[in-house]
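As structure tokens, the structure follows; a few thoughts come after it.
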Amino acid sequence: VMLKWHHQLKDVLLIQDRLTNINEQSIGIHEEINFWQECLTDLHHIRKQLQRTELKNIIHVLILSKSAYIEQFLQAENEVQEFIEYVEDCLKFLKILDEPSFQLNDISLEKLKAVIIDIFYRILITWHHSKFFATSERIKLVVSKVCCHLRFIQGDFRLIHFNF
């Protein structure tokens, strides 16, 4: 039973590589937020199960019997807690991009510059303050997700000069 639990926990923890998966790069910020919220809910349920008295008793017996699998399970249990913190950080910073990114769906070209500047300021805040998005690789993925929201009305595209 412990071995099965350990493998299930490992499968859940593999989700953290989602952002770098090429198939997931084309979805937008809002969809990414929904995914991570569902993931966080699942992780909280897993943590609740891990804290059950019955499971603690089984773990205690396995520790006393020096089970070969207990170390891996305890490590996975710690990883669940770390991953919860990781997902909470990810969500915190994705959420500050949600509203301005959503504005891009129906924005006029006249308002585009102001919204894009606002989004990039928020991306800089995310890059500097997030544990998860602290790498240039991950922040580039955020930029690509924001770009997925850009819609050019009636194919009208003009070069917009930004003076930062």
Fill in: Sequence-distant lysines (8 or more away, or on other chains) whose Cα lies within less than 25 Å of K56
K4, K10, K48, K66
Discussion item. Students often forget the sequence filter, so: which aspartates and glutamates lie under 14 Å Cα-Cα from K131 once same-chain residues fewer than 8 apart are removed?
Written reply: E82, E85, E88, D89
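Values quoted throughout were computed directly from the atomic coordinates according to the rules given, and no laboratory measurement underlies them. Just so it is clear, the model here is predicted, and its values are computed rather than measured.
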